[in-house]
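A.B. asks: Below is a structure I'd like to ask you about.
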Amino acid sequence: MPPPRPVALVTGASAGIGKELARVFARNGHDLILTARREAELRALADELARSHGAAVHIFPADLSDPAAPRALYDKVAAAGLNVDVLVNNAGFGVYGPFADADPVRVAAMVQVNVAALTDLTRLFLPGMVARGTGRILNVASTAAFQPGPLMAVYYATKAYVLSLSEATAYELRRTGVTVTCLCPGPTRTEFATVAAMEDTKLFDAPYAMEVGPVAEAAYRATMRGTRVVVPGVQNWVGASLARFIPHWLLLRIVYRIQKRRTG
């Protein structure tokens, strides 16, 4: 009898990097737990993965902007008798514009999804991994994590949190059999720009903007190796590295100019 397939839980799996990560994990022999707000998209993806890769796929729709959602999701997974071998904290979104003009409800939802839900889910699923002596966590941050981001101040701050939390917990877990990887993609061609209302900035039509497939593949390989931080794309890696050495006043000006709308 073949051994049971490992199970990967992917948040924000209805589109973009999360959807592609689900495909990559299924292609590499994982069963899936998929969660996002849009149930129809999740079911279509589940059918695709079962048909193409023979994966068993469990659907648990959830809105992670609800503070109660992480615990409810954890309880549903436990009630289904599933152990999560790989936790992929991918769900997240951005809000574009000056902080003073931001919709406070939208900002609060972004902090809840990008920071609080990721933290809660990690804290809920991590003890089981430690007890079993094996597990992998993939947290999706961004190259935004390496510098402040005028015109997306809160989004950049949330991704800096994800990077910091990931590196610290990876170090704490170094002798447990559990690894934490932080994915820091640069501009990637997904629906992120539309959701964040950034289509008419320079950021997402840059020549180094990546397709979602190579980003997901790089994330999967790094997760399986237990790499702490992965920045896909040579130009993205160079940019993230240089951010440590560029004077902050200049870095702020550069980020602002890149993100400023073409219309001004």
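A.B. asks: Need the failing condition index for residue 56 against (1) surrounded by fewer than 19 Cβ atoms within 10 Å (Cβ to Cβ); (2) of a type in the set (A, V, I, L, M, F, W, C); (3) under 16 Å from residue 128 (Cβ atoms), just the number.
C.D. replies: (3)
A.B. asks: To continue, here is another question. Of everything in the stretch 51-69, what is of a type outside the set (D, E, K, R), part of a loop (DSSP other than H, G, I, E, B) and touching a residue at least 24 places away in the same chain (Cβ under 8 Å)? Give them in sequence order.
C.D. replies: 55, 56, 60, 61, 62, 64, 65, 67, listed by residue number.
A.B. asks: Follow-up. For the stretch 216-252, which positions are in contact with a helix residue (DSSP H, G or I) (Cβ under 6 Å, 6 or more places away or on another chain), in a helix (DSSP H, G or I) and under 20 Å from residue 146 (Cβ atoms)?
C.D. replies: 236, 240
A.B. asks: What is the number of the single condition among (1) of a type outside the set (A, V, I, L, M, F, W, C); (2) more than 24 Å from residue 216 (Cα to Cα); (3) crowded, with 17+ Cβ neighbours inside 10 Å that residue 71 does not meet?
C.D. replies: Going through (1) of a type outside the set (A, V, I, L, M, F, W, C); (2) more than 24 Å from residue 216 (Cα to Cα); (3) crowded, with 17+ Cβ neighbours inside 10 Å one by one, residue 71 breaks only (3).
A.B. asks: Going by the structure shown, is residue 43 on the phi < 0 side of the Ramachandran plot and at pLDDT below 95? Let's see the steps before the verdict.
C.D. replies: Details: on the phi < 0 side of the Ramachandran plot: yes; at pLDDT below 95: no.
So residue 43 does not fit the description; no.
A.B. asks: Among the listed residues 197, 206, identify the single one that is modelled with pLDDT under 90, on the phi > 0 side of the Ramachandran plot and either in a strand (DSSP E or B) or not basic (Lys, Arg) (or both). So that I can check it myself, show each step before the final result.
C.D. replies: Numbers: 206 fails: on the phi > 0 side of the Ramachandran plot.
Selected residue: 197, the only one of 197, 206 that is modelled with pLDDT under 90, on the phi > 0 side of the Ramachandran plot and either in a strand (DSSP E or B) or not basic (Lys, Arg) (or both).
A.B. asks: When you scan the stretch 213-229, do you find a residue that is farther than 18 Å from residue 22 by Cα, modelled with pLDDT of 85 or more, hydrophobic (A, V, I, L, M, F, W, C) and buried (at least 17 other Cβ atoms within 10 Å of the Cβ), even just one?
C.D. replies: yes
A.B. asks: Can you find, within the stretch 92-135, the residue that is nearest to residue 252 (Cα to Cα) among those that are in a helix (DSSP H, G or I) and acidic (Asp, Glu)?
C.D. replies: Keep residues of the stretch 92-135 that are in a helix (DSSP H, G or I), which gives 99-101, 104-132.
Going one step further and asking which of them are acidic (Asp, Glu), we end up with 101, 120.
Details: 101: 19, 120: 31 Å.
Only one residue tops the list, namely 101.
A.B. asks: Looking only at the stretch 70-105, which residues are under 20 Å from residue 152 (Cβ atoms) and either in contact (Cβ under 8 Å) with a residue 60 or more places away in the chain or of a type in the set (Lys, Arg) (or both)?
C.D. replies: Listed by number, the residues that qualify are 89, 90, 91, 92, 93, 94, 95, 96, 97.
The values are calculated or read from the model by the stated rules, or taken from the named source; none is laboratory data. The model shown is predicted, which means the values in this text are computed figures rather than measured ones. Here Cβ is always computed from backbone atoms with ideal geometry, including for glycine, and neighbour counts include all displayed protein chains.
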